[in-house]
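Presented below is the structure to which this report refers.
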Amino acid sequence: ALLSGAPRRLTERFVGSNLAGVWSPDGRRFAYVSRRGPLPDAPGSIVVVIRSMDTGEERDLFSMLSFNRARPVVRWFPDGRSLLLTVSDSRGRWLLYRMDAQTGAAARIGGGPGLGTPGFAFQPPVLSPNGRTVYYLRVNDPASGDSRVTQSVMKFDLATGRQRELYRGWPHLLVPALS
């Protein structure tokens, strides 16, 4: 059902601290992140919140993950039972995590060295409609003797952890959109 009338806040909790909202595949839940705590960049300072649109109930899913404070990424998997999160490790590399939408349990996806430095910190990754692949942008270091920096559109298979470059070009590629 469409909402009618004047715009209104979805929540009154932590106003000004909530961002990165995304609807569940069935449209009955809304997930977002909320900045909390006195140390804004410390692990655990960002909470994933899931709001039931049927009841208005909100569940806070706490973890000790380190999100990008400026642009945290939360995406629903197509089954509506879990969320794709991007977090950073102690060396600043971006990693993918899957969080259970009921329990908040989170586990790293794919193993390996991660997705590299935050080439997609400003362009969020895109999850395929079947939930098996993540597409993202990667910033490439200049080749020796070449001062140009390029970006690549990357494909990351969640089941195997394999990454593949689909396209390489000049900087400022836009975020991929899937049909």
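The values are calculated or read from the model by the stated rules, or taken from the named source; none is laboratory data. None of these values were measured; they are calculated from a predicted model. Neighbour counts are summed over all protein chains in view; Cβ atoms, including those assigned to glycine, are modelled from backbone coordinates with ideal geometry. Please note that ligands, DNA and RNA were not included when accessible areas were found on the heavy atoms of the full protein model with its side chains. Shrake-Rupley method; radii C 1.70, N 1.55, O 1.52, S 1.80 Å.
Would you please name the residue that is most open to solvent (accessible area, probe 1.4 Å), looking only at residues in segment 107-128 that are under 25 Å from residue 29 (Cα atoms) and at pLDDT below 90? Lay out the reasoning, then the answer.
Restricting attention to segment 107-128, the residues satisfying the condition of being under 25 Å from residue 29 (Cα atoms) are 107-109, 123-128.
Still in the list and also at pLDDT below 90: 107-109, 123-127.
Values: 107: 56, 108: 91, 109: 22, 123: 52, 124: 26, 125: 0, 126: 26, 127: 26 Å².
Only one residue fits best here, namely 108.
I'd like the full set of residues that are at pLDDT below 85 and outside any loop (DSSP other than H, G, I, E, B), limited to segment 54-85. First the steps, then the outcome.
From segment 54-85, those at pLDDT below 85 are 62-73; that's our starting set.
Within segment 54-85, 67, 73 qualify.
What number of residues in segment 129-151 are at pLDDT 80 or above and either part of a strand (DSSP E or B) or loosely packed, with under 13 Cβ neighbours inside 10 Å (or both)?
At the first step, the residues of segment 129-151 found to be at pLDDT 80 or above are 129-136.
Now drop any that are not either part of a strand (DSSP E or B) or loosely packed, with under 13 Cβ neighbours inside 10 Å (or both), which leaves 129-130, 133-136.
Total meeting the criteria: 6.
Identify, please: which residue in segment 86-103 is modelled with pLDDT of 85 or more, open to solvent by 10 Å² or more (accessible area, probe 1.4 Å) and in a loop (DSSP other than H, G, I, E, B) and is, among those, farthest from residue 51 (Cα to Cα)?
Going residue by residue through segment 86-103, those that are modelled with pLDDT of 85 or more are 97-103.
Among the residues that remain, those that are also open to solvent by 10 Å² or more (accessible area, probe 1.4 Å) are: 97-98, 100, 102-103.
With the extra rule that they be in a loop (DSSP other than H, G, I, E, B), the set shrinks to 102-103.
Values: 102: 11, 103: 14 Å.
Residue satisfying both the conditions and the ranking: 103.
Of everything in segment 155-179, what is open to solvent by less than 80 Å² (accessible area, probe 1.4 Å), on the phi < 0 side of the Ramachandran plot, modelled with pLDDT under 85 and over 15 Å from the mean Cα position of the chain (by Cα)? Give them in sequence order.
169, 171, 173, 178
Would you confirm, using the coordinates I've provided, whether residue 26 is loosely packed, with under 14 Cβ neighbours inside 10 Å, modelled with pLDDT of 70 or more, of a type in the set (D, E, K, R) and in a loop (DSSP other than H, G, I, E, B)?
So residue 26 fits the description; yes.
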